[in-house]
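Derivation of every value follows stated rules applied to the coordinates shown; laboratory data play no part. Remember, predicted model here, so these are calculated numbers, not experimental data. Heads up, the Cβs are rebuilt from the backbone with ideal geometry, glycines too, and the neighbour counts pull from every protein chain shown.
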């Protein structure tokens, strides 16, 4: 309570003048507190044979949104369990039919995959529209204004170009993806603007490939030097470690890049995740999850969330008070749930 | 009484420091008053209000049906207010109360663990059995195409001489005939040869049994091939590969439901899948071994051939450290799998030899004398 009051006070004082504040993001959740919510969710999901999972999803999301603060106010998650349940049931039925048919009838399967390819941009748009529509901050909802043609380009055509260029265009592919995603997102009626340059993407990819080759050579050298296993075994293990490391580097570098390159009116963002900090959190998390046979999972999620938010800040330029809400709209949860079961990693 | 918070009109992002007060308990009327100038911002009935349920210490949102919002950290205050206004309603923050109760938490942990264990150990395998053995034959026939996919991705044509292949086929034909005559046989097994990987054998859902060239070259006595063949027949008879695919699918969907949205921790989400898969796999190997031993006993083939080939295979694996494990589903992943996977999914050869000893002592009539 005192927290909110002091937050409010600072808010009042600064809105008078043209302010230039740096407002850090903060996650106020707590591992133990979330563990309890999580385990009760799992218990109820199990005894209701999965039905409660929709309520569980809403409670989980509300916990994470509601504890993420910037400028003294938290985010809100607005989706209702029944919409999610409906979407989820349909999505699971569709997925089961899809996998069953595609597995049993390869010809039909090929057609189904083609259909899925054309449906993917639509599902992607619907999924983001649902996520954004159900996120609000200061009682103003976010929006995602998807466009099928553009989504098709970003999800199908660009990745295809990346493939036939033997990966040389992948930095472009990712840039197009981020551009589409951020530029179509709005807070109320205000669009986000994404201004990253492709050279930043090539730089990150270049460093990534460098790390990959370096670790691979180093790892294989060490393992072969120790002579504990065959060269093939060494290659697989060194490859695995290098892969994990580079994937983590990409997560860190691209998260930073996306935040730094995004603006909302005159306001900007900054993100300063470090490879060292992130790897430390991930390794500790993995270790504790294994040791506790999975019981640390919820606390791990809190820990990574705390780390990420602690590295992100909003740079206020002018007032944060004059964003205007968009028209009411409703989006079905089906697209989001389809995206989840088919693992489009939205 | 009053509750301090933050008023947002739902039109702009400008928040106003405000307090919520009860006007009339009978009428269930409430008012939101600005803290800056004590002006009334909104007067409304409880029925116009949607109060979010409490979750941890996250701020509580009170949404008016006209779009305005009052947000407060005073969770206790809101609960007190609700108890006053709806004295005979269900306890406010029921879920929150449950989530703070030590007994409820402990009960949840234990029950969930037991439940997961029961589902993994009994529920999923039984469901997979049922589906596998009740699958329409139309669907089963479609598995024929597995072979084409495997030929494209993993296998190379066999380089064994036609004579050698025919010898082995002639050797095994009587056992195939004998197998078909068993009650409840669903598929006619057909033997085929491929190369392109280390010593291994496969029983595909369509009834094809594949020996790799390396396996044929590895054995020192053809009866060792008979032992492997019976092992694969055991897989086929129990529809192991089909059941395993179905189990994988069920586990994947269940994990999605239970652990749900774990964007950042997907690797952890695969741990239960992997563990379940490993235990199923070992069970299947055990079943196939048992079938092989029974058949060998019936056919009067010395069980030492089984021991020999298991030992040979395990040595082969530790020598070359690159062999694909025995499955044809999700091919992409399999190519990279190395020894550890094999060791985890198959019982170790010592364990298997012990199993043979045990089997011998139970089944052979002259066990007592020995």
Check your understanding: Sorting A:187, A:65 on the 10 Å Cβ count, fewest up front, what's the list?
Key -> A:65, A:187
Check your understanding: Given springs between every Cα pair under 10 Å in a Gaussian network model of chain A, which of A:165, A:310, A:200 has the largest fluctuation?
Key -> A:165
Practice item. Please give the calculated 222 nm ellipticity per residue for chain A, where each DSSP H segment of at least 4 residues contributes -39500 (n - 2.57) and the sum is spread over every residue; nearest 500 deg cm²/dmol? Key: -21500 deg cm²/dmol
Study note, to complete from the structure: Once normalised by the length of chain A, the mean sequence separation of its alpha carbon contacts under 8 Å that are 6 or more apart gives a contact order in percent of 27 percent
Check your understanding: How far apart, in nm, are the 7 Å Cα→Cβ label points at residue A:329 and residue B:153?
Key -> 4.0 nm
Check your understanding: What is the log10 of I(q)/I(0) for region A:149-275, computed with the Debye formula using one identical point scatterer on each Cα and no solvent, at q = 0.13, 0.15 Å⁻¹?
Key -> -0.66, -0.81
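Let me know the Kirkwood hydrodynamic radius for region B:24-142, please, with Cα pairs as the basis and the value in Å to one decimal.
Values: mean 1/r = 0.0527 Å⁻¹.
Hydrodynamic radius (Kirkwood, Cα only) of region B:24-142 equals 19.0 Å.
How would you rank B:76, B:287, going from fewest to most other Cβ atoms within 10 Å of each one's own Cβ? Before the final figure, lay out each step's value.
Details: B:76 13, B:287 16.
If I rank by nearby Cβ atoms, fewest first, I get B:76, B:287.
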Check your understanding: Where does the Debye-calculated log10 I(q)/I(0) of chain A sit at q = 0.07, 0.11, 0.13, 0.14 Å⁻¹, using only Cα point scatterers of equal weight, no solvent?
Key -> -0.37, -0.94, -1.32, -1.50
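Shielding by partners for A:291-298, please: the mean number of other protein chain Cβ atoms within 10 Å of each residue's Cβ. Could you put the intermediate results ahead of the total?
Numbers: counts 0, 0, 4, 8, 2, 1, 6, 3.
Average per residue, whole number: 3.
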Study note, to complete from the structure: Contact order relative to length for region B:1-156, counting C-alpha pairs under 8 Å separated by 6 or more residues, stands in percent at 15 percent
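Take peptide A:54-61, look around each residue's Cβ out to 10 angstrom, count Cβ atoms belonging to other protein chains, and average those counts. Each step should come with its number before you reach the end.
On the way: counts 2, 2, 5, 3, 2, 6, 4, 3.
Other-chain Cβ atoms within 10 Å of each residue's Cβ, averaged: 3.
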Point to revise | Residue order, fewest to most surrounding Cβ atoms within 10 angstrom, among A:133, A:317 | key: A:317, A:133
Review point. Which of these, A:290, A:252, A:94, has the largest mean-square fluctuation under a Gaussian network model of chain A (Cα springs below 10 Å)?
Key: A:290
